[in-house]
Amino acid sequence: MIRTALVIGASLLGTAAVLAQEDAAVTQQNLMKSIGKPMYGVLGKMLKGEIAYDQAAVDTALNDIAAGVPKIADTFKTNPKHDVPNANFGASQKIWQNKADFDSKIPPVEKAIAEQKGKIKDAATLKVSFDAIQVKCTGCHDDYRVKLK
């Protein structure tokens with residue numbers, strides 16, 4: 001009876017650990033999507049002419065990006081050791097092999113966003129600001145993001 005209880009307890013603990021890791025992967029993906037949506041779904045679409053330039057939408061998008069970026073280091077503390085099923089992108093294991101470098105890439109993104117706030121007045125200035133932010137994001141994506149599909 002005690003052995004059965006121990007086996008069941010160990011099994012439940014293992015299941016909880018797997019679920020916690022899965023939750024970490026989903027949380028990480030959700031955060032990156034919450035940053036990507038205003039960056040590419042709003043600002044990027046404006047640059048492509050897919051949606052009209054809208055200063056209020058630009059300001060909201062920048063604020064949303066600025067709110068998400070500082071959460072990256074904490075959100076990526078846990079290594080889920082797997083990707084979200086059917087995701088297009090995943091987190092490279094290099095993040096946890098060199099967490100200090102990964103974390104060091106966040107402040108330049110924050111700085112770029114802060115420097116661009118208030119500079120965007122039209123589509124031309126949006127392009128310059130978008131590129132200034134994008135280059136900082138790409139620095140991390142090139143090293144720590146994995147294309148899955």
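The values are calculated or read from the model by the stated rules, or taken from the named source; none is laboratory data. On a predicted model such as this, the values are computed, not experimentally measured, just so you know. A quick note on method: Cβ atoms are made from the backbone with ideal geometry, for glycine too, and the neighbour counts reach across all protein chains shown.
What to note about this one:
- Residue within segment 91-113 that is free of Cβ contacts under 8 Å to residues at least 60 places away in the same chain, small (Gly, Ala, Ser) and farther than 25 Å from Val26 by Cα present: yes
- All conditions but one from (1) acidic (Asp, Glu); (2) more than 17 Å from Gly118 (Cβ to Cβ); (3) free of Cβ contacts under 8 Å to residues at least 60 places away in the same chain apply to Asp83; the one that does not is (3).
Table: residues versus (1) crowded, with 19+ Cβ neighbours inside 10 Å; (2) touching a helix residue (DSSP H, G or I) at 6+ places or on another chain (Cβ under 7 Å); (3) farther than 16 Å from Ile106 by Cβ.
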{"position": "Thr27", "(1), (2), (3)": "no, yes, yes"}
{"position": "Asn30", "(1), (2), (3)": "no, no, yes"}
{"position": "Ile35", "(1), (2), (3)": "yes, yes, no"}
{"position": "Met46", "(1), (2), (3)": "yes, yes, yes"}
{"position": "Ala52", "(1), (2), (3)": "no, no, yes"}
{"position": "Ala56", "(1), (2), (3)": "no, no, yes"}
{"position": "Asp59", "(1), (2), (3)": "no, no, yes"}
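- Segments classed as helices (runs of 4 or more DSSP H), wholly inside segment 61-137, with at least 1 members that are at pLDDT 95 or above, more than 20 Å from Ser34 (Cα to Cα) and among the hydroxyl-bearing types (Ser, Thr, Tyr): 99-104
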